[in-house]
Each structure stands twice: as C-alpha cells, then as structure tokens.
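Below: the structure, in structure tokens.
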Amino acid sequence: MTPMCSRPHARRWSDFAPTSFTCFANSVSLLDELDAFIDANWDPDLTVAEWWERLGLSGWAAPSLPEKAYGKGLSRADSLAVTARLGERGVLGAPTGLGMLLAAPTIATHGSPEQVEEFIRPIVTGQRAWCQLFSEPGAGSDLAGLGCKAVRDGDEWVINGQKVWTSGGQIADMGMLIARTNPDAPKHQGITWFAFDMHQGSAVDVRPLREMTGRALFNEVFMSDARVPDSWIVGGLNNGWAVANTTLMFERAGLSAGGSGGHVALANAGTIAGDLPKRVGDFLKPRTPGGGGGGGAMVAGAERLFTALAKANGKIDDPTVRQQLMKVHTLTEIARITALRAKAEREAGRELPGVGNIGKLAMSDLVRTCRDLGLSILGPAGTLHGYDSTSAAALAEATGNPAAAYVTEMAMFAQAPPIYGGTDQVQRNILGERILGLPKEPNNDRVVPWSELPRNG
Ligand SMILES: Cc1cc2nc3c(=O)[nH]c(=O)nc-3n(C[C@H](O)[C@H](O)[C@H](O)COP(=O)(O)OP(=O)(O)OC[C@H]3O[C@@H](n4cnc5c(N)ncnc54)[C@H](O)[C@@H]3O)c2cc1C
C-alpha cells in the first residue's frame, strides 16, 4: 500500500486553492467599468451593509438581473466574469444565498414593479436573507402535491402547514412559500407563490436538522396561523405552479456544472446572521476548505486540488487515480464548453433544450467522481472527519493532509446535489418527457381535484 504522505510533503491550502476564473467577458469595457466602480467605491472601513448597498444599487451585485430589477441584464457567463473580477480585486463579493440565486430572478420575472422595490432591493443590498419553503414531508419530487394551506382572511392569508429541508431557514428573514390556495382544483392549478415574512414569533417555528457532515444546513419549518398580505402574492393567485417552475429553473441553472463556484461572499446576508454592521475589510480572509457552499463551490478547482493531493500522497502514478483525475478533467471541460455553447445559442436567440437538467445531472456526476477520487487518494484517513475547525486542524496534523477535512466533507456532501433542486431521476423524467417527447406515465392527477387525490396517512 502506498504510504500516507509524511509531514514534509504537506501543502498549505493555498497550494490547492482554485486559480482565478477564466474570464468569459468578451467586452473588456465591461470589466473596465467594474474596475472604475470599485476604485470609486471600495473602502475596507465601510460596514458590510454600506458596501453591499453601493454594490447592489449599482447593478454589480446581481448583474444578470434585468436593469429594471437592480441588474445589468448580463449573460450568465459575463456575470461570472464580474464575480471573478470582484474576487481578483480583493473586495467582498455580492451577497449570496437563495435570495440572490432564486427569489430575485423569480420576482424579476413574475413580480410587479412594487414587488421589485419591496423585495429585490433588500436582496441585492444584502439586507434580507431568503429561504425556499417548497418541500414538505409528503411533497418533494411530487412538489405539486403539497398540502400547506393558505386560507384568505380579508387582505391577508392565514398559513398552516409544515415544510422540510429548508436550507438556511435559521437565518432567513423571508421565505419563498408555495401553498395550496384552492384544494378543489387539480393539484397544479391550486397553488400560489407568496413572499413570506419569517419573523412571526411562534407562528413560524424553525427547527434545524443536523446532517452527517456535522453541520445543520437545513431545517423543518412549522407554520401555525402565520400570516401573509395578499399584496405579497407573486405572479397571481393560483398561478404558483408556473412561478415555482421559474424558481426551479433558476435553481437548476445555479446548481449546474460549468457555471458556478465563483467567489463566495464570506459575510452572510440578512438581519439574523449579524454581519451587516461589521467592518467589511474584516471579511476578506481567504476562504477555508470545508466551509460549505453547494456542489458548485465544492468542485471549483477540484482538478488542481486532487492533482496536488495525489502528488502529496504519492498516488499520482496510481493508474486508478489517474483515470479518475482524467474523468474530473473531462467532466469539467464538457461542462465549461456546454456553458459556452448555451451562451452562444442564447446570443443567437435560441435555447439549448434541457441544458439546465443536463447541467444539473453533470454536476451530480462530477461531485460523485470527486467523492470517489478524494477518498481513493486519502485511503484509510478518508474514514476520519473533522466536524469543526478544531477537529479539522487535528485531522490535518495527524495525517499531514491540510485538505483532509475538506475532502471528507465533500465526500459526505456528495449525496446532496443528486437530490436537491430535483433528484437525478426527476431530471431524467423531465428530459424524457419534455425534451425527447416520450409518453408520460398514465396519471389523472392533472384533472382530479387535489382534495380527491389519494394521500399517505
Ligand atoms: C441538501 C439539501 C438541501 C435542500 N434544500 C431545500 C430547500 O432549501 N428548500 C426546499 O423546499 N427543499 C429543499 N431540499 C429538498 C429537495 O428538493 C427534495 O429532497 C427533493 O426534491 C426530493 O424530494 P424528497 O426528499 O421528498 O424525495 P422523494 O420525492 O420522496 O423521492 C425519493 C426517491 O424516489 C425517487 N422518485 C420520486 N418520484 C419519482 C418519479 N416520478 N420517477 C422516478 N423516481 C422518482 C427520487 O428520485 C428519490 O430517489 C433540499 C434537499 C437537500 C438534500
């Protein structure tokens, strides 16, 4: 057996860290404009809230949003170039999280100008953090079967029900809530998408669920007579399935291989996390391995990380490891080229059918390959994990592998991307039915009222 790496071979994390992003922006003037903005506005002595206010209101925080919704209408590739440039310039990146990834583009697509002002402005300036209140214990893949109830009471709706797997619910100010507003309509037709205030005392009970990584990324959320104003319906009453599909489309795109993994803001958005009043310059330390993030953030730079790790552990000549390294390289390249192809199609006024679903499946494949590769390189040390910074440091010390805890966290987290945002099986169903035109499974749930459908329990 190849021996574990000894101390002299140990590398610092910075040796493994990804290099800066390939700049996709065709237009140098775009980045010149960004540079001019940074030169005029960046000051490490601002608070996080003040810096994000400047970044958000200028359109640089969410440049892929339309101009009428605090963006610049840029393509995804150009937005990634903006994200990368913010990182290269050593300034704090834009607020991250589900507000930016999902709520803002959904509201920009379906919301009124008043809702853009009410909801998107505080998202791009980091003032409000959002969570996604979609999944329920009995409604995950079959999301349209959800049972959380919204009953009208004057100008408000009263919400009762349970959500689950709510990522970031414990620090969310707002939720993207889908609830049943008409139980007598077929299941896809009686759902409404609400912007939902999470600050409602005991009416909104958020209970963290601990994962095997040691962190508690997601939560159960119980709503008991919670309230939401009628004016916070986004996209129209009983039209929530269409609006939710927009959210899910942005989710798939954001979780795809070939596009994510940019600079991760080290400060948290929203009023609960407590970062807004702090000095922005104090958030610029390099991101440490194992700090979380989705699949995209985890696999960014994976090729360099694993090559360096294999060298440090004397595994670089192992044919199995070399084969897996090539697979990571190939999957990464295919994803990058697919993203460029999709961009070219969009610029020509066309869409690549199913590219979001394919990209998400590719991400699942990439994280699984990274899981297997990392554990092959670590060998028996891969059975140990540092659950917090102290035990991660102890693991690094004991194994001589500074990235050991990062690799084991990636291996445990690799189970998540094939599930969240729609499972691999569901992505394949969508590709089969909507793109290839295969017949759907026989089902009458599009015509029978939701209240008459069979349910568990
Ligand atoms: C890390 C993580 C974060 C998440 N964050 C959020 C969040 O913030 N907000 C939120 O609302 N949800 C969130 N989710 C929930 C996620 O969207 C659901 O877990 C997912 O949609 C699957 O639903 P389920 O867990 O109920 O599984 P089920 O739907 O019960 O599926 C169980 C299994 O059956 C398979 N299956 C189901 N239906 C079919 C079918 N028709 N054809 C073939 N196979 C099928 C599935 O692929 C799966 O393998 C998160 C999940 C994870 C893992």
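The values are calculated or read from the model by the stated rules, or taken from the named source; none is laboratory data. From a predicted model like this one, the values you see are computed outputs, not experimental measurements. Virtual Cβ from ideal backbone geometry, glycine too; neighbours counted across all protein chains shown.
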**Study point:** Members of region 137-184 that are touching a helix residue (DSSP H, G or I) at 6+ places or on another chain (Cβ under 6 Å) and of a type in the set (S, T, Y)
**Key:** S141
Practice item. Check off (1) surrounded by fewer than 21 Cβ atoms within 10 Å (Cβ to Cβ); (2) at pLDDT 95 or above; (3) within 14 Å of the ligand (Cβ to nearest atom) for G168 and give me the number that stays unchecked. Key: (1)
Practice item. Within region 81-99, track down each residue that is away from the ligand (no atom under 16 Å from the Cβ) and either at positive phi or not charged (D, E, K, R) (or both). Key: A81, V82, T83, A84, L86, G87, G90, V91, L92, G93, A94, P95
**Study point:** Unique match (being within 15 Å of the ligand (Cβ to nearest atom) and small (G, A, S)) among G437, G422, G379
**Key:** G422
Review point. How many residues, within region 397-415, are surrounded by fewer than 16 Cβ atoms within 10 Å (Cβ to Cβ) and among the acidic types (D, E)?
Key: 1
Exercise for review: Examine region 119-138 for a residue that is without any contact (Cβ under 8 Å) to a residue 40 or more places away in the chain, within 14 Å of the ligand (Cβ to nearest atom), in contact with a Phe, Trp or Tyr (Cβ under 9 Å, 6 or more places away or on another chain) and among the small types (G, A, S), and state whether such a residue exists.
Suggested key: yes
Check your understanding: Are any residues in region 369-396 buried (at least 18 other Cβ atoms within 10 Å of the Cβ) and within 30 Å of L431 (Cα to Cα), and if so, which ones?
Key -> T369, C370, R371, L373
Exercise for review: Run down T181, T213 and say which single residue is within 13 Å of the ligand (Cβ to nearest atom), at negative phi and polar (S, T, N, Q).
Suggested key: T213
Check your understanding: Looking at this structure, is M198 in contact (Cβ under 8 Å) with a residue 60 or more places away in the chain, aliphatic (A, V, I, L, M) and more than 30 Å from D388 (Cβ to Cβ)?
Key -> no
Exercise for review: Mind checking which helices (runs of 4 or more DSSP H) fall wholly inside region 27-125 and carry at least 2 residues that are modelled with pLDDT of 95 or more and surrounded by fewer than 18 Cβ atoms within 10 Å (Cβ to Cβ)?
Suggested key: 28-41, 48-58
Point to revise | Test for R215: is it touching a residue at least 40 places away in the same chain (Cβ under 8 Å), charged (D, E, K, R) and either surrounded by fewer than 23 Cβ atoms within 10 Å (Cβ to Cβ) or under 30 Å from L46 (Cα atoms) (or both) | key: yes
Check your understanding: Taking only pairs six or more apart or across chains, which ones have beta-carbon atoms under 8 Å, a first residue in region 141-164 that is away from the ligand (no atom under 11 Å from the Cβ), and a second residue that is assigned to a helix (DSSP H, G or I)?
Key -> A144/K187; A144/H188; A144/W241; R152/D230; D155/D230; D155/S231; E156/D230; W157/D230
Review point. Restricting region 382-415 to residues that are of a type in the set (S, T, N, Q) and in a loop (DSSP other than H, G, I, E, B), which is nearest to the ligand (Cβ to nearest atom)?
Key: Q415
**Study point:** Residues of region 416-452 satisfying the condition of being in contact (Cβ under 8 Å) with a residue 12 or more places away in the chain, in a loop (DSSP other than H, G, I, E, B) and surrounded by 13 or more Cβ atoms within 10 Å (Cβ to Cβ)
**Key:** A416, P417, P418, Y420, G421, G422, T423, D445, V448
Point to revise | Count of residues meeting criterion [closer than 25 Å to G145 by Cβ and either hydrophobic (A, V, I, L, M, F, W, C) or at pLDDT below 95 (or both)] in region 212-238 | key: 11
**Study point:** Failed item in (1) farther than 30 Å from E50 by Cα; (2) in contact (Cβ under 8 Å) with a residue 60 or more places away in the chain; (3) more than 14 Å from the ligand (Cβ to nearest atom), with D173 passing the rest
**Key:** (1)
Review point. Does F218 fit the bill of being touching a strand residue (DSSP E or B) at 6+ places or on another chain (Cβ under 7 Å), within 30 Å of R336 (Cα to Cα) and not acidic (D, E)?
Key: yes
Revision key, fill the gap. Looking across region 216-242 at residues that are aliphatic (A, V, I, L, M) and within 14 Å of the ligand (Cβ to nearest atom), the single one that is farthest from Y406 (Cα to Cα) is M223
